[in-house]
Each structure stands twice: as C-alpha cells, then as structure tokens.
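Some notes on the structure that comes next.
The values are calculated or read from the model by the stated rules, or taken from the named source; none is laboratory data. Note that the structure is predicted; figures quoted are calculated from it, not measured. Every residue, glycine as well, gets a Cβ built from its backbone with ideal geometry; the counts of neighbours run over all protein chains shown. With ligands, DNA and RNA removed, areas are computed over all heavy atoms of the protein, side chains included. Shrake-Rupley method; radii C 1.70, N 1.55, O 1.52, S 1.80 Å.
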Amino acid sequence: MNGSPAPEVLFRLEGVSLVSDGSPVLIGVDLELPAAGLTVLVGESGAGKSSLLRCLNMLDVPTSGEISFRGRRLSTMDPLVHRRSCAMVFQRPVVFAGTVLDNLHVADPDLSVDQARLSLARVGLREDLIEREADKLSGGEAQRLVTARALVTSPAVLLADEPTSALDRTATAEVESLLRTLVDDGLPVILVTHDLAQVRRIADRVVVMGSGRMLGTGAIGDPDLDSLLCGLGDSGSRG
Amino acid sequence: MSTIDVWFGPVPAATLPTATSDIVGWGALAVSLAFVGVAVAVAAEQRLALGGPIITAVSRSLVQMTLVGLALVPIVDPTTPMYWSWMWVAAIVVMAALTTARRVPAVPGAFWVALITVTIVAAVGLGLLFGLQIFELNGRTLVPVTGMLVGNAMKTTIVAATRVTEIVADQRDEIEAAMALGLSVRAASRRLVRSAVRTAISPQVEQTAALGIVVLPGTMTGLILAGVEPLEAVRVQLALMYVILAGVVTAGTLMALGTVDRLTTGDQRLRTVRRGR
C-alpha cells in the first residue's frame, strides 16, 4: 500500500483452507508474504494466525489451496529440507535435555564450539552459557537460545509464533530488539502476535486475520490498516 | 544329563504328583478365591473402585483357564498331530496383537505392528529354545513355551505402544520443536521413545535381576515340585528367562518404533493423538 517497489515474494498463498477436527481454521486465504522485513500476522485468538504459520513450515498441510515458497509449491517439496529453510520458534521456548551446546547440536551435530559461540553472540546470549544446562536458563534466555538454535540451519526466513507472549516486559524488549537486528541483517521474519502495541513497535508490514480469513494487509500508518487494527482493539485484543 | 533329559527324563515316582488335584484341589482353589474376596473388600473399603475390575478379571481367568486346560488335554496327547499345536501358536500370536491394538485405538495399523513384532519374537524365541534343544519340540512343550514368550512380549508391546502414544499427546511441543529444525519424526522423538522403551522393559529386567532372591519362577518351581534336581531346574529356568528377556527387549523396541512410524504421516507430520483409551 506504500509507494516503494514491491519486494520479492517469499510465500504465496492461493485459496488456502485448513480444516482441523471438522472445524474450519483457515478459509480461502490469498496472501503474499515478502522476502524482506518484519511481517506481522495479527488477529484475535482463534483467528488462524498460528495455523497459517504451521502451514508455512509444513507442520500442517492445507486441506485445499496451494502455498508456494520462492515460486515452488510446498506440496512438491521435501518437508525435512523445507523446514530447515524456514526456521520456526514457538510460543513456549522448548529447550531439549542437556546443555546449551547440546541444544545447538540438535540443529547441526557438526557445529563446532566456536561456531556455537558465534550463534549465541548473534542472539545476544553470553558465550559462557554454552555449557549451562538449558533448562536452567531464564524465559528470555531460553527464547533467545531456541532462536539461535533455529538460526543454526541458516534459514531463508524465521517464523516466530508469539515468541514474547510468555515473557516479561524486559525480556520482550530484548526479543523484539533481536528480531529487528535479524531483519536488519537481511533475514525476513514473519511474526505472529495478538499484541497490538507490539505490532506498532516493530512491524514493517501487517496482515490482519480474523475467523480464519485474511481481513487486510498493509503498512503501519495506512488508514485502512489502522481502522482494521482499531477494530481488533475494540473487540478486546490486548493493546 | 542334558537339560532335555532333565525336563523329559524319568523322575522318581515317589516325588511325582499323581494328578493335578494332588497339587491344587478344587477346595484349595476355592480358598484362594476367598482371598480375592478379601482383596475386593479392602478395595471397597478404600473406595478404590477396583471391585468390578477384580471380579471381572477373576471370572475371566477362571473361565479362560478352565477352557484352556480342557483344550490342552488333546494338544499334549502324543497321538495328536503337531499342526494343532502350531495352530494354537498362531492363535496366541494373533490374540496378543489384537490385545495390544485394542489398547491403542489412536494408532492406525497398530495391529499389524504388534503382529509383526510378536511374530518376530515368537519365531526367534522358539527357534532358540527348540533349536538349541533346551526343550524337546512336541505338543506338550510348544504351546506353554509360546504362551510364556508371547505373554511377556505382549505386556511389553502394550506398555511401549501406550507410552509412545501418551508421549506424542503430551510432549508434542518438544517433538515438533525438533521437527521444525528439519529432523524426521523418528529422530525428533528418539529421546522420548527411549524413555518409553525403558518403561516397557524395565519390569522384565528387574524381574531377571531379582531371580532367586525375590522371584522363584514358575518353570523352576514346577520342575522342582516334579522331583527334578534344583540345579538342573535352574539351568532350564535361566535359559528360558534369558530368551524371554531378549524377546521383551526386542518387542519393546520394535513396538515403540513401529508406533512412532504409524503416528507419522507420509509427509513427516505427527498425527493428532488424544490421551486415553
């Protein structure tokens, strides 16, 4: 909706619908997600945001419609290869048993200690945490560790499903800063949130969802988008 | 004297029971049932809601074992063709697979996984026990030995399949977090599946470790009651227990891995599983 040239399309969704347990979760979503910047999917609980993100990572498969990644249909791709290209972090940071280094080795068993230290530094974690038991990390540290772990696969995009919803204000600010740094380094990020204040703080582009449908898309400051966001705020979403 | 001689060789007549009723008469059986009544009363007093299941289990075992006893009479008859015994073996294997599959209705194709698992355990176990001539192959030995092998394997397949199903339902987040890194479902669930296998086989490992201290197993006890020298009876029992242990480990591992595979879609996603039967 702004005047800048349209960026390359990373994901293209055409008529994507998803039915789970007999209930429609996504309904005929047509959408293009750019290969640059920080795109935020926002909507109320149950809007279908997380389900859409899972479809992008191939953890779920649309009941109908098609998703393309860099012009290739996901249905023709090896899910194991695709998932390494589309790193995903979840609402609850899941750390695996063992040390921080052990966690990074799950993503790449051949990762050297020096590379592991660089991975930690990239997400703002102290290098001396490398031998720390992962379940001893704070919530914010754990979220940064799982982000570092996801980035070990050198992905083309980072999918983040409400990564700050379980964090306090300070840790949320740290994670938001990390996401912005990654975007500035050239990694596109697609973030799911229902926090409208967060949308206004960090989004380059916003996709508004409701009841499984795509309601609108645009940049912060776009009047049409602002009215959609105000509608979400009025209907009780957290601001 | 070989173990075959021990098992089948002549036993002093004075030490042999003359009939089943000499070991456990119907009166003794009734007394043992009275103890079950005590157990039911205790369960009722403690409000454990176990009275019904206990009575059902006892009733079923009474009917089933009586029928099995009656059916075994012609099977152990030396004049009965062996193929009847082999048919019984097949029935045991199929029933074990059916019983396992009934416990995990959320797992598609669990019957076939259990059938393959139990068949492998039975084939290898029977091959060892009869191939090494620990027992002589005939109708009197084939069915009871198969029952012991498959019975223990079935307990393990049930626990392994149930635990894997519970893990997929309860710890889906951890598995999907690893899948999101590009790991296959089997690789992503490896650590959790290991714990399921440990849970499934540890009772048999513990029982083997406690042999002779806490547990005086049935085969050995039966042989000693029948007048066989204790050390000879111990050798037979140990050989049997080791084969059973190997079968249990094999069954737990194969069933756990097979269950994970059956809960994985062709495009490497986890099927939705809900806890409970």
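For A:V183, the criteria (1) aliphatic (A, V, I, L, M); (2) farther than 20 Å from A:G43 by Cα; (3) more than 13 Å from the chain's Cα centre (by Cα) hold in every case but one, which is (3). Condition check for A:M88 on (1) within 14 Å of another protein chain (Cβ to nearest Cβ); (2) in a loop (DSSP other than H, G, I, E, B); (3) in contact (Cβ under 8 Å) with a residue 60 or more places away in the chain: one failure, at (2).
Rundown of residues vs (1) open to solvent by 30 Å² or more (accessible area, probe 1.4 Å); (2) within 12 Å of another protein chain (Cβ to nearest Cβ), yes/no style:
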site: A:L145; (1), (2): no, yes
site: A:V152; (1), (2): no, yes
site: A:D168; (1), (2): yes, no
site: A:A173; (1), (2): yes, no
site: A:L178; (1), (2): no, no
site: A:T181; (1), (2): yes, no
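Taking the numbered list (1) open to solvent by less than 60 Å² (accessible area, probe 1.4 Å); (2) facing chain B (nearest Cβ under 9 Å); (3) without any contact (Cβ under 8 Å) to a residue 12 or more places away in the chain in turn, A:D78 passes all entries but (1). Looking only at residues of the stretch B:167-200 that are open to solvent by 30 Å² or more (accessible area, probe 1.4 Å) and closer than 30 Å to B:V234 by Cα, we find that the one that is farthest from the other protein chains (Cβ to nearest Cβ) is B:T199. Taking (1) touching a Cys at 6+ places or on another chain (Cβ under 7 Å); (2) more than 12 Å from chain B (Cβ to nearest Cβ) in turn, A:L159 satisfies each apart from (2). Of the strands (runs of 3 or more DSSP E) that lie entirely inside the stretch A:1-76, those containing 1 or more residues that are more than 16 Å from the chain's Cα centre (by Cα) and within 17 Å of A:M214 (Cα to Cα) span A:9-20, A:23-34, A:64-69.
Checked against (1) part of a loop (DSSP other than H, G, I, E, B); (2) at negative phi, B:Q133 meets all criteria but (2). Taking first residues from the stretch A:138-151 that are touching a residue at least 60 places away in the same chain (Cβ under 8 Å) and partners that are assigned to a helix (DSSP H, G or I) and small (G, A, S), the Cβ contacts under 9 Å between residues at least 6 apart in sequence or on separate chains come to A:A150/A:A107; A:L151/A:A107; A:L151/A:S119.
Of the set (1) over 22 Å from B:V94 (Cβ atoms); (2) part of a helix (DSSP H, G or I), all apply to B:L257 but (1). Within the stretch A:49-61, residues that are open to solvent by 20 Å² or more (accessible area, probe 1.4 Å) reach partners that are not in a helix (DSSP H, G or I) with beta carbons closer than 6 Å, at six or more positions or on different chains, in the pairs A:S50/A:D161; A:S50/A:V192; A:S51/A:L18; A:S51/A:V25; A:S51/A:L26; A:R54/A:D60. Go through the stretch B:240-268 and give me each residue that's open to solvent by less than 50 Å² (accessible area, probe 1.4 Å) and farther than 18 Å from B:P203 by Cα. Across the stretch B:240-268, the qualifying residues are B:G258, B:T259, B:V260, B:L263, B:T264, B:T265, B:D267, B:Q268.
B:Q204 falls short on exactly one of the conditions (1) crowded, with 19+ Cβ neighbours inside 10 Å; (2) more than 14 Å from every other protein chain (Cβ to nearest Cβ); (3) in contact (Cβ under 8 Å) with a residue 60 or more places away in the chain; (4) out of contact with any Phe, Trp or Tyr (no Cβ under 9 Å at 6 or more places or on another chain), and that condition is (3). State yes or no: is B:I120 in contact with a Gly (Cβ under 8 Å, 6 or more places away or on another chain), open to solvent by 20 Å² or more (accessible area, probe 1.4 Å), at pLDDT 95 or above and not small (G, A, S)? It is false that B:I120 is in contact with a Gly (Cβ under 8 Å, 6 or more places away or on another chain), open to solvent by 20 Å² or more (accessible area, probe 1.4 Å), at pLDDT 95 or above and not small (G, A, S). Can you find a residue that is within 26 Å of B:A96 (Cα to Cα), open to solvent by 40 Å² or more (accessible area, probe 1.4 Å), in contact with a helix residue (DSSP H, G or I) (Cβ under 9 Å, 6 or more places away or on another chain) and more than 14 Å from chain A (Cβ to nearest Cβ) anywhere in the stretch B:222-236? No, the stretch B:222-236 contains no residue that is within 26 Å of B:A96 (Cα to Cα), open to solvent by 40 Å² or more (accessible area, probe 1.4 Å), in contact with a helix residue (DSSP H, G or I) (Cβ under 9 Å, 6 or more places away or on another chain) and more than 14 Å from chain A (Cβ to nearest Cβ). All of A:S50, A:S68 fail the test of being within 14 Å of chain B (Cβ to nearest Cβ) and of a type outside the set (A, V, I, L, M), apart from A:S50. On inspection, B:G218 fails the criterion of being farther than 21 Å from B:V107 by Cβ and buried (at least 21 other Cβ atoms within 10 Å of the Cβ). Within the stretch A:183-218, restricting attention to residues that are assigned to a helix (DSSP H, G or I) and open to solvent by 20 Å² or more (accessible area, probe 1.4 Å), the residue that is nearest to A:D30 (Cα to Cα) is A:R200. Here B:G139 meets each of (1) in contact (Cβ under 8 Å) with a residue 60 or more places away in the chain; (2) closer than 24 Å to A:P109 by Cα with one exception, condition (2).
Residue-wise test of (1) hydroxyl-bearing (S, T, Y); (2) away from chain B (no Cβ under 12 Å); (3) more than 25 Å from A:H82 (Cα to Cα).
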site: A:V95; (1), (2), (3): no, no, no
site: A:T99; (1), (2), (3): yes, yes, yes
site: A:D102; (1), (2), (3): no, no, no
site: A:H105; (1), (2), (3): no, no, no
site: A:V113; (1), (2), (3): no, yes, yes
site: A:E127; (1), (2), (3): no, yes, yes
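Filtering the stretch A:114-135 for residues that are modelled with pLDDT under 95, closer than 28 Å to A:R70 by Cβ and not in a helix (DSSP H, G or I) leaves a non-empty set. What are the residues in the stretch A:119-138 that are open to solvent by 60 Å² or more (accessible area, probe 1.4 Å) and farther than 22 Å from A:E176 by Cβ, if any? Across the stretch A:119-138, the qualifying residues are A:E127, A:D128, A:E131, A:R132, A:E133, A:D135, A:K136. Inclusion of B:Q64 among residues that are open to solvent by 90 Å² or more (accessible area, probe 1.4 Å) and at negative phi is not warranted. Scanning the stretch A:94-118 for residues that are open to solvent by less than 60 Å² (accessible area, probe 1.4 Å) and charged (D, E, K, R) returns a single hit, A:D108.
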